């Protein structure tokens, strides 16, 4: 050996060329832990963030995932309509995904909360709640959205369990059961057409004056769908499984499931602070490659898509990982 690069560990001198693979991986991972400069920082470590990190890790990119540990589907008992994982618990999928992603030694995961972001000369700088600061060439937001719960007793306890948002994610499990749609206007009409395919025991709860045109009303009547305009006082339930809707006039109806269209907000205001545009609906505006309106910033998952599902989050995260690596390669090559 003409050059003796040596590493001292535990009192032993080991030639760098003779290191076992496992020890080489350990040393690389240790060095990775000490860096604050990355090719990409991913804010949000659930499905879309982990998917982006896997694509980047497999491309040998230095990646930092910052995750606050507050997924929007934390109450959901089972995940559906995702091939190979149908019926699995969401947390089981996330834990398995994290284990697989962190096998790539250029990917680092920290439990912290990103609180501020700034554009820097070489890219971006993110500050966290713990007081740390990290910099990167590219920035990926995989932060999801935060649902705004209505002021209805029992609603929050049922959310994700028997008060649900998507017939593709949860509808099969409530097929042929007594179901309500808690929405109004176009949103309620659209859901009614989908849910009526799964159950004919269907009612619409507008919680106020109904807002349908004559054509929509005729179609709803033709399909035997009742509209109730009375405001809701409470959702009676057992461990999140709804039993009755109680109205403010004292009446109640038996139900097994409720589809609810409720408002949301972004989990973090960092993208907007950096200049990223939002859509009229409040999603981060992205193009077909998940690029935001600010160069070098990407978004994936629920924060930028109306298709709120695990499968879509994984897909958009994978797309982001590939596109970020593409941009880095084109600059370096």
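The values are calculated or read from the model by the stated rules, or taken from the named source; none is laboratory data. Please read all numbers here as calculations on a predicted model, not as lab measurements. Quick reminder, even Gly has a Cβ in these numbers, built from the backbone with ideal geometry, and neighbours come from all protein chains shown.
Among the residues of region 51-106, those that are part of a loop (DSSP other than H, G, I, E, B) and under 19 Å from residue 299 (Cβ atoms) comprise 61, 68, 70, 71, 72, 73.
Residues that are in the same structural domain as residue 171 (by TED's automatic domain parsing), touching a strand residue (DSSP E or B) at 6+ places or on another chain (Cβ under 8 Å), surrounded by 13 or more Cβ atoms within 10 Å (Cβ to Cβ) and more than 15 Å from residue 164 (Cα to Cα): does region 270-284 have at least one?
Checked against the condition, which is being in the same structural domain as residue 171 (by TED's automatic domain parsing), touching a strand residue (DSSP E or B) at 6+ places or on another chain (Cβ under 8 Å), surrounded by 13 or more Cβ atoms within 10 Å (Cβ to Cβ) and more than 15 Å from residue 164 (Cα to Cα), region 270-284 yields no hits at all.
Can you tell me which residue is nearest to residue 83 (Cα to Cα) among those in region 300-333 that are under 11 Å from the mean Cα position of the chain (by Cα) and without any contact (Cβ under 8 Å) to a residue 12 or more places away in the chain? Only one residue tops the list, namely 312. State yes or no: is residue 220 in contact (Cβ under 8 Å) with a residue 60 or more places away in the chain and assigned to a helix (DSSP H, G or I)? Judged against the criteria, residue 220 is not a match.
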